[in-house]
Structures are given as C-alpha cells and as structure tokens.
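First up is the structure itself, then whatever we jot down about it.
Only the coordinates and a few stated rules stand behind these numbers; no lab work does. What you see is a predicted model; the values in this text were computed from it and never measured. Using ideal geometry, Cβ is built from the backbone for each residue, glycine included, and neighbour counts are taken over all protein chains shown.
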Amino acid sequence: MYRVIANSIVGISTRYGSIRNDEGFDISELIKLQNQFGDKLIDKFDNVEVPEKLFEIPCDLLIPGARTGVLTEKIANSIINFSKPKAIVPVSNAPYT
C-alpha cells in the first residue's frame, strides 16, 4: 500500500507495519528493498508503526492495495479526518468491508 504526495511516496505499509517519510522515500531504494526482503522491508527502517497509522498521513492521492477487509469503518474515519486525499484509487480486488 502506498501514499503519494507531490509525486513522492510518503508512506507505505505491509502486514508487518507502516513507515512514513514526509520528505518522500527514494523509490529506487524501496524497490530494491522490496525485491530483497518482500514485506519485511519495513524492518529496514526506524520508527515502524502499526499498519493503520498509514491512514493518518495527509496526502493528495491514496492508493490502497490492501488485502480484503483492511479498509474498515475505523480506517475510513481516519482517512476522512486525517488523510483527506483528493482521490482514492484502490488497486486491490476488494480492500473495503
């Protein structure tokens, strides 16, 4: 799952946690870590949070690529109250419940 602000990825999550970088991540480095460690790439960063924290990051575009059932009513409230994206573009089969 990725969040994009000003054409940069500022937050990602896996089932193991979420990370945030308001300045934007180095996309090449993320791809390298993903290829090498899969979802465990999160462990290579400091300040790992629970995955749900991703939905508290302000963004212009939210791209949930979540497993089925991840976007609950509680998460929807976080998106509305904190993230406030201009658009939500789901890329998974059924990310909401």
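A search for C-beta distances below 8 Å between a residue of region 57-77 that is assigned to a loop (DSSP other than H, G, I, E, B) and any residue that is surrounded by 13 or more Cβ atoms within 10 Å (Cβ to Cβ) and among the polar types (S, T, N, Q), counting only pairs 6+ apart in sequence or on different chains, returns Ile57/Ser83; Pro58/Ser83; Cys59/Ser83; Pro64/Ser92; Gly65/Ser92; Ala66/Ser92; Arg67/Ser92; Thr68/Ser92.
Can you confirm whether Lys74 is more than 16 Å from Val10 (Cβ to Cβ) and not small (Gly, Ala, Ser)? Answer is yes for this residue.
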